[in-house]
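In what follows, a single structure is set out as structure tokens and then discussed.
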Amino acid sequence: MALFTGLPLLAWASTTLPEALVSTVLFGMVGILLSILGFKLFDWATPVSFDKELEKGNVAVGILCGAIVLGICHVIATAIS
């Protein structure tokens, strides 16, 4: 038995090229904004200041920041698609 039987499908698909371009730009902007917000939230929640550590040349923090951004972007891309 389906959980949402009778409810309209909540998927949206573009049918023309302009609609596809607009949706690509909009979803791209949403993804970028959410990934920046997620990184800033993670930076706020940790006791280490990533900006100061990166200015000191801490390569380990740079790798960690890259991993955090990739992880957040993976979650956002899965949620958007």
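No lab work stands behind these numbers, since they all come straight from the coordinates. Given the structure is predicted, the values throughout are model-derived calculations rather than measurements. Heads up, the Cβs are rebuilt from the backbone with ideal geometry, glycines too, and the neighbour counts pull from every protein chain shown.
For residues that are of a type outside the set (S, T, N, Q) and over 19 Å from the mean Cα position of the chain (by Cα), tally how many sit in segment 51-77. Break it down into steps so the answer makes sense when it comes.
Narrowing segment 51-77 to residues of a type outside the set (S, T, N, Q): 51-57, 59-77.
If we keep only those that are over 19 Å from the mean Cα position of the chain (by Cα) as well, we get 51-57, 59-61.
Going through segment 51-77 one residue at a time, the tally reaches 10.
Taking the criterion of being hydrophobic (A, V, I, L, M, F, W, C) and not in a helix (DSSP H, G or I), would at least one residue in segment 37-52 satisfy it? Step through it out loud before you land on a result.
Taking segment 37-52 first, the residues hydrophobic (A, V, I, L, M, F, W, C) are 37, 39, 41-42, 44-45, 48, 50.
Then drop every residue that is not not in a helix (DSSP H, G or I), which leaves 48.
Among the residues of segment 37-52, at least one is hydrophobic (A, V, I, L, M, F, W, C) and not in a helix (DSSP H, G or I), which makes the answer yes.
Which of the residues belonging to segment 45-60 are touching a residue at least 12 places away in the same chain (Cβ under 8 Å) and either over 21 Å from Ile32 (Cα atoms) or of a type in the set (Ser, Thr, Tyr) (or both)?
First pass over segment 45-60, keeping only residues touching a residue at least 12 places away in the same chain (Cβ under 8 Å): 48, 50.
Correct list: Val48 only.
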